[in-house]
Amino acid sequence: ASLGMATGADFVAGSTLVFISLLVFTYYTIWSLILPFVPEEAPLRAWFPPRALVALVPAALLCVAVGGVATFVGAHTLLKSSRRKQKTS
(Lines give C-alpha, C1' and ligand atoms only; values in the text may rest on other atoms or scores of the structure.)
Protein backbone atom coordinates (compact mmCIF):
# COMPACT_ATOMS: atom_id res chain seq x y z
CA ALA A 1 0.00 0.00 0.00
CA SER A 2 1.23 3.42 -0.91
CA LEU A 3 1.60 6.05 1.78
CA GLY A 4 1.38 8.95 -0.65
CA MET A 5 -1.13 11.75 -0.87
CA ALA A 6 -4.78 11.13 -0.04
CA THR A 7 -7.17 10.84 -2.94
CA GLY A 8 -10.50 12.57 -3.38
CA ALA A 9 -12.28 9.41 -2.22
CA ASP A 10 -10.20 9.40 0.98
CA PHE A 11 -11.16 13.01 1.62
CA VAL A 12 -14.86 12.30 1.08
CA ALA A 13 -14.75 9.23 3.32
CA GLY A 14 -12.91 11.11 6.06
CA SER A 15 -15.23 14.10 5.86
CA THR A 16 -18.27 11.83 6.02
CA LEU A 17 -16.94 10.05 9.10
CA VAL A 18 -16.18 13.36 10.83
CA PHE A 19 -19.66 14.68 9.99
CA ILE A 20 -21.36 11.53 11.32
CA SER A 21 -19.21 11.65 14.48
CA LEU A 22 -20.20 15.26 15.09
CA LEU A 23 -23.88 14.41 14.64
CA VAL A 24 -23.69 11.49 17.06
CA PHE A 25 -21.72 13.56 19.60
CA THR A 26 -24.19 16.45 19.40
CA TYR A 27 -27.22 14.13 19.69
CA TYR A 28 -25.77 12.28 22.69
CA THR A 29 -24.71 15.53 24.39
CA ILE A 30 -28.20 16.99 24.06
CA TRP A 31 -29.74 13.70 25.23
CA SER A 32 -27.52 13.31 28.28
CA LEU A 33 -26.71 16.87 29.40
CA ILE A 34 -29.48 19.17 28.18
CA LEU A 35 -32.61 17.01 28.14
CA PRO A 36 -32.79 16.60 31.94
CA PHE A 37 -33.50 20.33 32.18
CA VAL A 38 -36.21 20.30 29.48
CA PRO A 39 -39.83 20.00 30.71
CA GLU A 40 -41.52 16.60 30.28
CA GLU A 41 -44.17 17.96 27.92
CA ALA A 42 -41.67 19.60 25.54
CA PRO A 43 -41.87 18.34 21.91
CA LEU A 44 -38.06 17.97 21.90
CA ARG A 45 -38.38 14.88 24.12
CA ALA A 46 -40.11 12.97 21.30
CA TRP A 47 -36.77 12.83 19.41
CA PHE A 48 -34.94 10.98 22.21
CA PRO A 49 -35.22 7.54 23.87
CA PRO A 50 -35.90 7.23 27.63
CA ARG A 51 -33.31 8.73 29.93
CA ALA A 52 -32.57 5.31 31.48
CA LEU A 53 -30.73 4.34 28.28
CA VAL A 54 -28.21 7.20 28.50
CA ALA A 55 -25.68 5.01 30.31
CA LEU A 56 -26.79 1.64 28.93
CA VAL A 57 -26.22 2.44 25.24
CA PRO A 58 -22.52 3.40 25.58
CA ALA A 59 -21.95 0.51 28.01
CA ALA A 60 -23.43 -1.97 25.53
CA LEU A 61 -21.38 -0.51 22.67
CA LEU A 62 -18.24 -0.73 24.79
CA CYS A 63 -18.97 -4.40 25.59
CA VAL A 64 -19.47 -5.17 21.90
CA ALA A 65 -16.24 -3.35 20.98
CA VAL A 66 -14.18 -5.09 23.70
CA GLY A 67 -15.68 -8.44 22.70
CA GLY A 68 -14.81 -7.80 19.06
CA VAL A 69 -11.22 -6.89 19.88
CA ALA A 70 -10.87 -9.90 22.19
CA THR A 71 -12.28 -12.20 19.49
CA PHE A 72 -9.88 -10.79 16.90
CA VAL A 73 -6.86 -11.12 19.19
CA GLY A 74 -7.86 -14.64 20.21
CA ALA A 75 -8.41 -15.76 16.61
CA HIS A 76 -5.12 -14.20 15.52
CA THR A 77 -3.27 -15.89 18.39
CA LEU A 78 -4.80 -19.30 17.60
CA LEU A 79 -3.98 -18.99 13.89
CA LYS A 80 -0.42 -17.92 14.61
CA SER A 81 -0.03 -20.77 17.10
CA SER A 82 -1.32 -23.36 14.62
CA ARG A 83 1.03 -22.05 11.92
CA ARG A 84 4.01 -22.44 14.27
CA LYS A 85 2.98 -26.01 15.10
CA GLN A 86 2.72 -26.85 11.39
CA LYS A 87 6.21 -25.44 10.72
CA THR A 88 7.79 -27.45 13.53
CA SER A 89 6.02 -30.70 12.57
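The values are calculated or read from the model by the stated rules, or taken from the named source; none is laboratory data. All figures in this text were calculated on a predicted structure; none of them were measured in a lab. Positions of Cβ are generated from backbone atoms using ideal geometry, with glycine treated the same way; all protein chains shown enter the neighbour counts. Note: accessible area is taken over every heavy atom of the protein model, side chains too, but ligands, DNA and RNA are not part of it. Shrake-Rupley method; radii C 1.70, N 1.55, O 1.52, S 1.80 Å.
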Scan segment 51-74 for residues that are open to solvent by 50 Å² or more (accessible area, probe 1.4 Å) and farther than 30 Å from E40 by Cα and jot them down. C63, V64, A65, V66, V69, A70, T71, F72, V73
Which residues, taken from segment 7-18, are surrounded by 10 or more Cβ atoms within 10 Å (Cβ to Cβ) and of a type in the set (A, V, I, L, M, F, W, C)? F11, V12, A13, L17, V18
Residues (open to solvent by 50 Å² or more (accessible area, probe 1.4 Å) and not in a helix (DSSP H, G or I)) located in segment 26-47: P39, E40, E41
Identify all residues within segment 75-89 that are open to solvent by 60 Å² or more (accessible area, probe 1.4 Å) and not in a loop (DSSP other than H, G, I, E, B); write none if there are none. H76, T77, L78, L79, K80, R83, R84, K85, Q86, K87, T88
For a quick check of your reading of the model, give me the residue pairs whose first member lies in segment 31-44 and is under 21 Å from L56 (Cα atoms) and among the β-branched types (V, I, T), whose second is assigned to a helix (DSSP H, G or I) and open to solvent by less than 30 Å² (accessible area, probe 1.4 Å), with beta-carbon atoms closer than 6 Å and at least 6 apart or on different chains. none
